[in-house]
Amino acid sequence: MTVGRDYFVYVACLAGAQIDVYRGTADAKLSHVQSVPLSGKGLPLAPSPDRRFLYASVIGEVDGVEDPRYDTFRIDATTGELTHIETVKAPARMAHIFVERSGRFLLGASFPGSVIASHSLGPRGVPQEMPSDLRPTPRKAHQIMTDLSNRFAYVPNLGADLVMQLRFDERTGRFADNQPPELFFGEGSGPRHFAFHPGGRWAYLLNELDGSLVAHRLDPATGALEAMQQESALVDGFDAGEPWAAQIHVTPNGRFLYASERRASTLAGWRIDPRTGRLSDRKVIPCEKTPRGFDIDPAGRFLVLGGMGENKVAVYAIDPDSGALDRRFEIACGAQPNWVEVIDLP
């Protein structure tokens, strides 16, 4: 990606029941492109690997009863604008969705339903309502992602203090237990979100309930994770109550990692050792109120964050040498920005 190329930001708004679309430029500014209604309250978003489609998990309602759904949108390759294609029923309310790396299946993890699902994507890009696989999980599955090889899938379970290790078949969309099938963490840790290093050898887990961050070695042959370091995403002297860590991302060049914490409204950042994957040089800064979702642009220049408690989106420049964050810009968005997805277009 060239340094000056624009990128697009998609923000799902929980209370606003919409996706706000912005164009980002090299001067760290965002301009509003479009606001698109969702069929319910906005939960996570997931683009297809070819960036032709964007998927939204939403909370709909029928006769006062919750009705979970997937909304499918086509992305205009020039303007970034979204066109709604179809809405289908989801098997449960999904806390996280992810299009696996072959682009054939939409994966989902349900926090209230304690299940994971795999849905085949049809010729129009729409997920098939009948899952290719539907598997119960321990309590409160919060995320599902495949590694860079697309052979292994990982599911943090916030309510059971463990991460499921699975094998994934990209031809059928089905899961099978890996060995060991579960990794346990400390009681009350609350595993929430993973981020993979682009080199494929390391993975980083953010625990919501104690604010810890655990660096892992990832065996490329077996998919097994091995913890090697634990850090804290909390500001020094944290006294805001119970930790409430939210999101985690690694820069595309693999040099820096960032995590958000909602209770004290902070962003923590680390340098990643290119030889060992270990973390150092931690910095924690204040940010927008209740930073649930953020993402990093594909060139690694900017971190774009949604302030769920302030109904705005902020842009932070990433120093290429130190990883330090410099707040440059903010813009209003719909009510309760819940998820931020940043992409460039083919």
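Nothing in this text is a laboratory measurement; each read-out follows from the coordinates by a stated rule. Everything quoted here is computed from the prediction, not taken from an experiment. Positions of Cβ are generated from backbone atoms using ideal geometry, with glycine treated the same way; all protein chains shown enter the neighbour counts.
Within the same chain, aspartates and glutamates fewer than 8 places from Lys89 are excluded, and of the rest, those with a Cα less than 14 Å from its Cα are Glu61, Glu66, Asp67, Asp71, Glu129. By the beta-carbon count within 10 Å of each Cβ, the least crowded to most crowded order of Arg171, Arg5, Arg262, fewest first, is Arg171, Arg5, Arg262.
Mark the label point 7 Å from the Cα of Gln128 along Cα→Cβ and return the residues of the range 145-168 whose backbone N is within less than 16 Å of it. Taking a point 7 Å out along Cα→Cβ of Gln128, no residue of the range 145-168 has its backbone N under 16 Å.
Between Arg23 and Arg52, the simple spin-label model (points 7 angstrom out along Cα→Cβ) gives 2.4 nm.
Remark: for residue pairs Lys41/Lys289; Lys29/Lys312; Lys29/Lys289, the C-alpha separation exceeds 18 Å in Lys41/Lys289; Lys29/Lys289. Among His197, His216, the order by Cβ neighbours within 10 angstrom, fewest to most, reads His197, His216. The range 247-295 and the range 20-85 have Cα centres spaced 25 Å apart. Available extension along the chain between Thr172 and Ser35 is 45.8 nm, counting 0.36 nm per residue and deducting the alpha carbon span. The label point for Ile285 and the one for Ser322, both projected 7 Å from the Cα toward the Cβ, are 1.0 nm apart. In order along the range 227-238, the Karplus-derived 3J(HN,Hα) couplings, from 6.51 cos²θ - 1.76 cosθ + 1.60 at θ = phi - 60°, round to 5, 10, 6, 10, 10, 10, 8, 8, 5, 4, x, 3 Hz, and Gly and Pro are given as x.
Given +1 at the Cβ of Lys and Arg, -1 at the Cβ of Asp and Glu and no other charges, the dipole of the chain around its Cα centre is 520 debye to the nearest 20. In this simple spin-label approximation, Lys89 and Glu330 carry label points 7 Å from Cα along the Cα→Cβ vector, and these lie 4.3 nm apart.
For the range 127-157, backbone nitrogen atoms closer than 18 Å to the point 7 Å from Ser120 Cα along Cα-to-C-beta are found at 127-135. Footprinting exposure proxy ranking of Met94, Met308, Met145, fewest other C-beta atoms within 10 angstrom first, gives Met145, Met308, Met94.
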